[in-house]
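The values are calculated or read from the model by the stated rules, or taken from the named source; none is laboratory data. Note that the structure is a prediction, hence the values are computed from the model and not measured. Cβ placement follows ideal geometry from the backbone for every residue including glycine, while neighbour counts extend to all protein chains displayed.
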Amino acid sequence: MCREQLGYVRAFMRHGARLAFVPDGFPANGDLNELLSQCPERPFLILHPELQPVLPVGLTDVSIPTACFQIDTYTYTGRRIRWSMLFDYSLLFHSGFEDEFRDAGHPRPLTSPHAVDPDFFPEEEAQRLLEISMVGRTDGRLYKSRREILSHLSTSFRMNEWWRGHSYQELADVYRRSKIVVNIGRDDYPFDTGLRFAEAMAAGALFLTLQPSQLPHLGFENGNHFVGYRCASEIADLARFYLSNEPLRRRIAEAGREKALSEYTYDCRVKALLEKVRQDGGHLFAPARGWSPERVSAHYLDYYAAHLRMDCAYRELQRIGLRRPISSAVGSILIARALSRRLHSRFLNISRAGSGPI
């Protein structure tokens, strides 16, 4: 499980929920009724955690509320909106996208921002020997700026081993031993704060991030809960300023910590979701519940093709073709695009493998 999934699982269990999971080996297009038959009791909610490329057939027929995660909401937003139409609730992990989902016809997009598991961030203060830290990916083309900036900072500040992967416990330990946690987003979405803002703040570190960002929309104030920089060249000077002004750094860090641990935990997210479903009285909102079978199949096909589950995509294409041959042409285009991406990826891998010295 990724840390988002694990955080939600632990929070659901703390709320007394009995959880049932998709078993290993379950087909990507398996029958939802088969899963339900294995549950010891009728579920209150069916939740799709996004990171598993499984989309059971029958979502639009089941009389149980369904919900899906949209973790990196800013990537492939159009497709995320299309897939969300199969679910009654769409949980958006980034703010500012609800209107886009509603305008497209989804009645229940719920902003459910990134959160933190407080069990990994105890109250007792650790010795903060690191001046600046960051944990996150540094491989690949989307993290070129991150690699360059962190490499430059490491020549002037005591930092963690930012170039390697960390377990969640290691991440928490690094941030608890850090005075400042710097956030450097992906090159295609540099203003993203991801989970890092909640984790850094929960650890009691000063969070330093690029502005503008989503944090003001979430109720965090620049200079009160975090510190913003406008360009990478400001990071070092800001870090030196706050490292030399310990009372100010600690005041901002503590304000961020208090807000993060009171409003941005997975327990808060689970409580809000369960309360919303109860308030709605089991009402089923998914637009696809009222669609024709071939239109539902087209959305399944789009999902399978995007996740390169070509066998499942072909099966949906066959279903569409039997009902509406003209519509199957659109499905064929989606499959062709997916195959093109797969071939392109393989070509790049072969090229990289053969790019060494002769």
Only one residue in L35, L47, L55 is of a type in the set (A, V, I, L, M) and either assigned to a loop (DSSP other than H, G, I, E, B) or under 17 Å from L301 (Cα atoms) (or both), so which one is that?
-> L55
Check on G140, in the same structural domain as G228 (by TED's automatic domain parsing) and more than 22 Å from R249 (Cβ to Cβ) | yes
Within region 84-92, can one find any residue that is surrounded by fewer than 20 Cβ atoms within 10 Å (Cβ to Cβ) and either over 13 Å from the mean Cα position of the chain (by Cα) or touching a residue at least 40 places away in the same chain (Cβ under 8 Å) (or both)?
-> no
Which residue pairs have Cβ atoms under 7 Å apart, sit 6 or more places apart or on different chains, and have a first residue in region 232-248 that is more than 13 Å from T209 (Cβ to Cβ) and assigned by TED's automatic domain parsing to the domain that holds N183 and a second that is part of a loop (DSSP other than H, G, I, E, B) and not aliphatic (A, V, I, L, M)?
-> A236/S156
Looking only at region 186-242, count how many residues are of a type in the set (A, V, I, L, M) and part of a strand (DSSP E or B).
-> 4
Residue set G96, G105; condition assigned to a loop (DSSP other than H, G, I, E, B), modelled with pLDDT of 95 or more and on the phi > 0 side of the Ramachandran plot; output residue G105
In region 117-145, what residues are within 28 Å of T265 (Cβ to Cβ), among the small types (G, A, S) and within 26 Å of the chain's Cα centre (by Cα)?
-> S133, G136
Note: among F241, F191, just one is hydrophobic (A, V, I, L, M, F, W, C) and either under 20 Å from S95 (Cβ atoms) or touching a helix residue (DSSP H, G or I) at 6+ places or on another chain (Cβ under 8 Å) (or both), namely F191
Selected residue (only one of R176, R186, R147 is of a type in the set (K, R) and surrounded by fewer than 17 Cβ atoms within 10 Å (Cβ to Cβ)) = R147
